[in-house]
């Protein structure tokens, strides 16, 4: 539009529409968001006022548009609605006002799909319920722990109508951990009694959470504080594992858990495979302060820094963590990331870890297989994990130095709105002294 004359011109002509237009610094080109048969694309065109089409000023009228009027005329009850709209307010229908009770309308299933925990170690798939005011949220489904590589059934309820947020979660699933059982072993002798065991647990977690959104700029910032009570019973321990970790149905675990998580990440573009700037922090504290025979304490701290990569849409992540445990009769699940490419989680008394990840996109393919599968992107991640675990009882130290690559595909299935990223991991394990191929290198982009 020319502001001095009010004349309007048509600049673009697209079958579906042109959105998010931006003029180049030289003023001679226009970039815009266009829709085509192959999906959304960013296109560029010359910006020449001589080619624009002048449009006649529309006549001002209060009558319905001819297209809208033709459509509404065929709707059921159109004649009655026209009569009601033409009548004065005093002659129109009267609608009663009723009080809305949030708890009476707390459950409303509205979606299904895949979600991921803030720590990134657990992926869950199931149904989600949320009321109209977003005060009561419910999730029910299956979760996969990528550290111990176990499945669990979870039901989680969160009430956010008051401050702080109230959370209750019930889980039944499996555990997979390994421990060394050498006693009075000298430093010169190798450890030879690493035993891996699997068992089941039933867990009830209840507590409060304070989620704070601190975003003030192009960085997404959030701080979350949480405190929970943990009640857990375990079943089907192997006899060799009972001497240290047995809880049993008659002696359940009573513990408390406190957590702090902070994230400040640069907003990602659609083609970024990871944040190109920012930092994260996750601190977890678990202990058994109650007067029971089961005693265990765990402290875990993990931090990460994101940096820009060598080219556009690439990123580098540097991560480090430390975990302290006092494992008397029980072993908590990992509070920090364990070295990748390991087939089982080893529960150390002291564990220090560090890693470097380089993320880069391979291709934006936009493949589709009917209405079943839509593949958006292929990408790769090269990583190096180092760790040192200490065993106080055995007076021994074990070092890890693993490296490998993840080949991932970002896709949607069955019109699910949440894209899923899955693929294959190929890595070398210094502990196993061999190559490992893991088909469940799994991630979710929210």
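The values are calculated or read from the model by the stated rules, or taken from the named source; none is laboratory data. Predicted model only: the values in this text are computed from it and were never measured. Cβ coordinates were reconstructed from backbone atoms using ideal geometry, including for glycine residues, and neighbour counts include every protein chain displayed.
With the requirement that a residue be over 30 Å from residue 324 (Cα atoms) and part of a loop (DSSP other than H, G, I, E, B), what does segment 357-400 give you?
364, 365, 366, 370, 371, 372
For residue 439, which of the numbered conditions (1) part of a strand (DSSP E or B); (2) surrounded by 14 or more Cβ atoms within 10 Å (Cβ to Cβ) fails to hold?
Every listed condition holds for residue 439 apart from (2).
Please verify whether residue 261 is more than 17 Å from residue 287 (Cα to Cα), in a strand (DSSP E or B) and at pLDDT 80 or above, treating the condition exactly as stated. Steps first, please.
Values: more than 17 Å from residue 287 (Cα to Cα): yes; in a strand (DSSP E or B): yes; at pLDDT 80 or above: yes.
For residue 261, the condition - more than 17 Å from residue 287 (Cα to Cα), in a strand (DSSP E or B) and at pLDDT 80 or above - is met.
The rows are residues; the columns are (1) within 30 Å of residue 373 (Cβ to Cβ); (2) in the same structural domain as residue 270 (by TED's automatic domain parsing); (3) modelled with pLDDT of 90 or more; (4) assigned to a helix (DSSP H, G or I).
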residue: 22; (1), (2), (3), (4): no, no, yes, no
residue: 32; (1), (2), (3), (4): yes, no, yes, no
residue: 40; (1), (2), (3), (4): yes, no, no, no
residue: 54; (1), (2), (3), (4): no, no, yes, no
residue: 71; (1), (2), (3), (4): no, no, no, yes
residue: 79; (1), (2), (3), (4): no, no, no, yes
residue: 85; (1), (2), (3), (4): no, no, no, yes
residue: 93; (1), (2), (3), (4): no, no, no, no
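Here is a list of conditions, (1) surrounded by fewer than 20 Cβ atoms within 10 Å (Cβ to Cβ); (2) modelled with pLDDT of 90 or more; (3) assigned to a strand (DSSP E or B), and residue 326 meets all of them except one; can you say which number that is?
Of the numbered conditions (1) surrounded by fewer than 20 Cβ atoms within 10 Å (Cβ to Cβ); (2) modelled with pLDDT of 90 or more; (3) assigned to a strand (DSSP E or B), the odd one out for residue 326 is (2).
Take the conditions modelled with pLDDT of 95 or more, under 30 Å from residue 415 (Cβ atoms) and touching a strand residue (DSSP E or B) at 6+ places or on another chain (Cβ under 6 Å) and apply them to residue 359. Does it pass?
Details: modelled with pLDDT of 95 or more: yes; under 30 Å from residue 415 (Cβ atoms): yes; touching a strand residue (DSSP E or B) at 6+ places or on another chain (Cβ under 6 Å): yes.
Yes, satisfied.
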